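Before any comments, here is the structure.
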Amino acid sequence: MHSLSIFGTSSDAGKSTLSFALTYLLHHRGLHVAPFKAQNVSNNSLVTDIDKGEIAIPQAFAAEAIGLQTTSLFNPILLKSGEANRAHMIINGKSVGDTDVWAYYKDMKRLKPIVKEAFVGLQKEYECIVAEGAGSPVELNLMDKDLSNIYVAEEFNTKIVLVADIQRGGVFASIYGVYNLLPNKLRKNVIGVIVNKFQGDISLFDEGIKIIEEDFGIKVLGVVPFKPFNLGFEDSASLMGYTQDTSKAIIKVGVIKLPHISNFTDFEPLVVDEEIELNFITSPSQAAVCDLLIVPGSKRVVDDLLWLRKRGFEPILTDKNRHIIVICGGYEMMFERIIDEQMIESPNKLVKGFGRFKGNVHFQKEKIVQKGCYNQQGIMVAGYEIHNAVAKKRSKKKKNLYGTFLHGIFENDAFRYKVFHTINKNYKGYNFKHFKQNAIADFAKHIDLHVDVDFIQKRLSE
């Protein structure tokens, strides 16, 4: 049984979503399958079940969708973007410090064995690994350094499915170009292409299918009509593409879109809540009309705090009559001072916070990465923590202000109901777990209807 690589013919072609869907569909066809991505660049991560490490959201989401406990093997290298050309590197779930792009690319001799060890480890337990690629697989000047696409496909002789985004335009050029720029060895392993995000009458693309199959010699595995899927966001670009029906909304929520926002999947339960109108905001005037304001997590807390001051948010964030929730980095900003003597996250060793909570937060070199059930306002909430800063309390409540280090709080129905019922007594709430299960099954069914998954499975068995 071969493993499967998912290559995009461009960035944001839908690789993550289709990787998850194919993992789900192959699992339900009886294959023992696991998700994988060699290297991910994202500030959005989750804590794994087995080894309490950090991995990117898409692989965690795909694993959880088929009932797998998460492990760092699913995403052995994770880069969290920082300033300029620097990034924070996480290897096998553990923080190993910062690197710059040039040092990273020079380190392939060390990184390739890390990827290989993780993939081989999964092969011992699973029949098939669905390996998501990254960006374009044919960046010709970087192909020897391409861990997620070229290295995995060559090292493990994976079969390959191309994913093309027809919304971008130039779909024929992108399919033809990527296919023909692949090394001969990999081109022979291409099963076919999925044309993604089609809008309109699919029959209008019949001639397009004929061109791709007859002129290019590439099988079209399916043409997938665009269907919103507001779960499993990989990055801020995909998050900003969410869709909402606000016709029944009774509460306006504003999440401040910090320059270094992280863990924005915290807000998926709000995006899909028909009683909530969620907006990502960047100005105090937008915040003024919100019933609830949220300051989210941040990869660079001090920089984002200074940005908030510069943008004029301080009067609103210190208004005691306004409903505000602050999470992780946002929570840290609400103390009197942020102290970073070792300059772990910023060259500023001491910065004045917004002072809503008494005391200081201190940055420490060792990152806190853990998950569990926590008492939040008298409700036991499952969630996780990822932060370098420490304070005396994990969470604090003060009149209309609530702060916590904990991510994932809105996935808890009772907690979410308590928050929003306080703001509007007409809020009814919903069961997020059931919604998520149904949404996953519905989206997978949509893919199954439009993609020849049976043919893909057959080719994997050859």
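The values are calculated or read from the model by the stated rules, or taken from the named source; none is laboratory data. Keep in mind it's a predicted model, so treat the numbers as computed, not measured. Positions of Cβ are backbone-derived with ideal geometry, glycine not excepted, and every protein chain shown enters the neighbour counts.
Put simply, of 11, 19 the only residue that is among the hydroxyl-bearing types (Ser, Thr, Tyr) and crowded, with 24+ Cβ neighbours inside 10 Å is 19.
Would you confirm whether any residue within the stretch 28-45 is at pLDDT 95 or above, in a helix (DSSP H, G or I) and over 14 Å from the mean Cα position of the chain (by Cα)? Yes, because at least one residue in the stretch 28-45 is at pLDDT 95 or above, in a helix (DSSP H, G or I) and over 14 Å from the mean Cα position of the chain (by Cα). Selection within the stretch 271-291: residues that are surrounded by fewer than 23 Cβ atoms within 10 Å (Cβ to Cβ) and either touching a residue at least 60 places away in the same chain (Cβ under 8 Å) or in the same structural domain as residue 47 (by TED's automatic domain parsing) (or both). The member of this set that is farthest from residue 47 (Cα to Cα) is 291. Strands (runs of 3 or more DSSP E) wholly in the stretch 77-121 with at least 1 residues that are free of Cβ contacts under 8 Å to residues at least 24 places away in the same chain - which ones? So the answer is 86-91, 94-100. Listed by first and then second residue, the pairs linking a residue in the stretch 330-348 that is within 20 Å of residue 256 (Cβ to Cβ) to a residue that is at pLDDT 90 or above and among the aromatic types (Phe, Trp, Tyr), with Cβ atoms under 7 Å apart and 6 or more places separating them unless they lie on different chains, are 331/405; 333/354; 334/354; 334/357; 335/357; 345/363.
For the stretch 237-249, state whether one or more residues are surrounded by fewer than 15 Cβ atoms within 10 Å (Cβ to Cβ), touching a Phe, Trp or Tyr at 6+ places or on another chain (Cβ under 8 Å) and outside the structural domain of residue 54 (by TED's automatic domain parsing). Yes, because at least one residue in the stretch 237-249 is surrounded by fewer than 15 Cβ atoms within 10 Å (Cβ to Cβ), touching a Phe, Trp or Tyr at 6+ places or on another chain (Cβ under 8 Å) and outside the structural domain of residue 54 (by TED's automatic domain parsing). The residue that is farthest from residue 70 (Cα to Cα), among those in the stretch 89-124 that are within 23 Å of the chain's Cα centre (by Cα) and aromatic (Phe, Trp, Tyr), is 104. If you go through the stretch 194-212 and keep only what is closer than 20 Å to residue 227 by Cβ and part of a helix (DSSP H, G or I), you end up with 202, 203, 204, 205, 208, 209.
Among the residues making up the stretch 27-47, those that are on the phi < 0 side of the Ramachandran plot and surrounded by fewer than 16 Cβ atoms within 10 Å (Cβ to Cβ) are 28, 29, 32. Residues in the stretch 48-60 that are surrounded by 24 or more Cβ atoms within 10 Å (Cβ to Cβ) and among the aliphatic types (A, V, I, L, M): 55, 56, 57, 60. Out of the residues in the stretch 104-121 that are surrounded by fewer than 20 Cβ atoms within 10 Å (Cβ to Cβ) and modelled with pLDDT of 95 or more, which is nearest to residue 462 (Cα to Cα)? Per the stated criteria, the residue is 120. Could we say that residue 312 is surrounded by fewer than 20 Cβ atoms within 10 Å (Cβ to Cβ) and either outside the structural domain of residue 418 (by TED's automatic domain parsing) or in a helix (DSSP H, G or I) (or both) here? No.
Selection of helices (runs of 4 or more DSSP H) fully inside the stretch 122-193 by the criterion of at least 3 residues being farther than 25 Å from residue 225 by Cβ and at pLDDT 95 or above returns 152-155, 184-187.
When you check residue 386 against the structure, is it at negative phi, among the hydrophobic types (A, V, I, L, M, F, W, C) and in contact with a helix residue (DSSP H, G or I) (Cβ under 7 Å, 6 or more places away or on another chain), yes or no? So residue 386 fails the test.
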